[in-house]
1. Straight-line reach from B:LYS228: which lysines have a Cα under 28 Å away, not including same-chain ones fewer than 8 places off?
2. Express in Å², to the nearest 10, the accessible area of A:ASP214 obtained by rolling a 1.4 Å probe over the protein heavy atoms while all chains stay in place.
3. Cα-based Rg (one decimal) and Dmax (whole number) for chain A, in Å?
4. Rounded to the nearest 10 degrees, what's the angle between the helix B:112-121 long axis and the longest principal axis of chain B, both from Cα atoms, 0 to 90?
5. Binned at 10 Å from 0, what are the whole-percent values of the Cα-Cα distance distribution for the protein assembly as shown, short to long?
6. Inside 10 Å of the C-beta atoms of B:75-81, what's the mean count of C-beta atoms belonging to other chains?
7. Quick one: if the Förster radius is 22 Å, what FRET efficiency do A:LEU136 and A:ARG51 give, using the C-beta to C-beta distance and rounding to 0.05?
8. Tally up the carbon and sulfur contribution to the accessible surface of the protein assembly as shown as a whole percent, 1.4 Å probe, everything protein left in place.
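The values are calculated or read from the model by the stated rules, or taken from the named source; none is laboratory data. In this text the structure is predicted, and so the values were computed from the model without any measurement. Cβ atoms come from the backbone with ideal geometry, glycine included; neighbour counts cover every protein chain shown. Ligands, DNA and RNA are excluded from the accessible area calculation, which covers all protein heavy atoms including side chains. Shrake-Rupley method; radii C 1.70, N 1.55, O 1.52, S 1.80 Å.
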Amino acid sequence: MSLIDQQFRGPWTLFKKEILRFWRVSFQTVAAPVMTALLYLLIFSHVLGGRVEVYPGVPYTTFLIPGLIMMSVLQNAFANSSSSLIQSKVMGNIIFVLLTPLSYLEFFLAFLAASIIRGLCVGFSIYLVAICFIDLPLTHPLFILAFAVFGSGMLGAFGIIAGLWAEKFDQMAAFQNFVIMPLSFLSGVFYSIHSLPPFWQKVSHLNPFFYMIDGFRYGFFGQGDISAWFSLSVVVGSFIALSFITISMLKAGYKLRG
Amino acid sequence: MTPAIKIDQVHKQFGALHALKGVDLTIEQGEFFALLGPNGAGKSTLINLLAGLTRPTSGSLAVMGYDVIDQYRQARHAIGVVPQELVFDPFFNVREMLRFQAGYFGKGPENDAWIDEVIESLGLTDKAGTNMRRLSGGMKRRALIAQALVHKPPVIVLDEPTAGVDVELRYMLWEFIKRLNREGHTIILTTHYLEEAENLCSRVALLKQGEVIALNSTKNLLATISGKKLRLKLSAALPGSLTDLIRLQEKHNYTLSLQSVNQVEYVLAELRNANILVEDMQLIEPDLEDVFVDLMGRA
């Protein structure tokens, strides 16, 4: 085995372990979010379907699906890295990784990649179930993929930051409920921001989740509230910025190495 | 030969607390070394620094010649640490956990034979497929030791490995660790059971409040205590003339510190004069505990 293989095996093992960690409890980590998204779809389409048409020629139920998929992708990418880190810190088993020759960059890449995989796994599952009932176009598949990967990457990095910062489950729940949930619910998952008053439209533009949802939806319908390229640049820029912060925290050993 | 461990003027501060105050220590390859000291002496901090879990405020540490900061990859390959707490990953079974741990060190399926050997040597064969959550405390301790060995490190650090472990398991662990030492591994041990350190370790460092107050071979340290201990079980309380000699007391059971064996006659004469019966008597050689108590009291 070459030295390169040996060096690659460390982060690959951590990535594999992180994947297995969520897969072992896939009922909770994959099936449950799919169920939640479908319940949203059922209720909102029942209440608003037929009464609201956001984009010309696109029924409300169809409009809703990409937003719900992306919201679940983002929430689960965040949950993967944040819950793994906080659990390992509270249980103390983070020491097993800290004792190894893995670098901070390898640690980051393994956690990030696992978060992206979980996000994509949940998103793809919702998509598969949804297309059994609703005809969903795929106008720009590469945009769909790009927003899903960079969006889940961004939230994966954000999850690492939260996991490093939080010292107890209570703090993590606060992060989830007071940051992630409001940002995702107020990002245009259930509506177009053009239906909002001008002030709230401007506020929505400050929410990075809005760009992820709108760009992702553009990939399906070929139409969105703003330019998909602009959204993509915001998402990629935010991903790079958050990754930089995360890597800096890991390099400094923030709350990991005293 | 490159020392297994070289610690040079290491200071560590946690805010206002000066946990290590300029520690110098060299441990040669193949040694069985004890790091002793009361709680808060800095033993765990020193181990954490060696393992890269904490960074020194100043000074340097090297494992097998590799600096723990600048050459951390090589240094961590060279050291295996058994932590004091019974920590585990609840998602995996023993074998999976060991394979993951070996994988972090770049070791793949070619290492499985060694993992099997470690599992067998530590009596974990029946539990290899059992989830870590379902293991007893003793089995978790064995798994932790196995985890520190999966990458075949030349230096093994055991932080209180027998804390809360029953006698049978303790004996089994020491036999296994002695075997590793015979095979050439350097063993560094912290323990509260001083008789363990005395029986196993060839050299001892005593830490107190972040400083090494004694560093010598176990034999030389024992030689620094010239006196003997006299253990007595009496029919009544010890007479006032002998109370200065008391080291330990439990009801009418006493352990007295004597300057030399000649003092025994004096003690017995005083007891006869006070009409106190000796129900049992034992003259004991000084042990590491005496050295420990003596040095801790003095420094």
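1. Filter leaves B:LYS208, B:LYS219, B:LYS251.
2. Counting only protein heavy atoms, A:ASP214 exposes about 0 Å² to solvent.
3. 18.9, 63
4. 20
5. Distribution as computed: 3, 15, 21, 18, 14, 11, 8, 5, 3, 2, 0, 0 percent.
6. Numbers: counts 1, 5, 2, 1, 1, 1, 4.
Across B:75-81, the average partner-chain Cβ count within 10 Å equals 2.
7. Numbers: r = 20 Å, r/R0 = 0.92.
FRET efficiency, A:LEU136 to A:ARG51: 0.60.
8. Details: 14800 of 25040 Å².
The C+S portion of the solvent-accessible surface of the protein assembly as shown is 59 percent.
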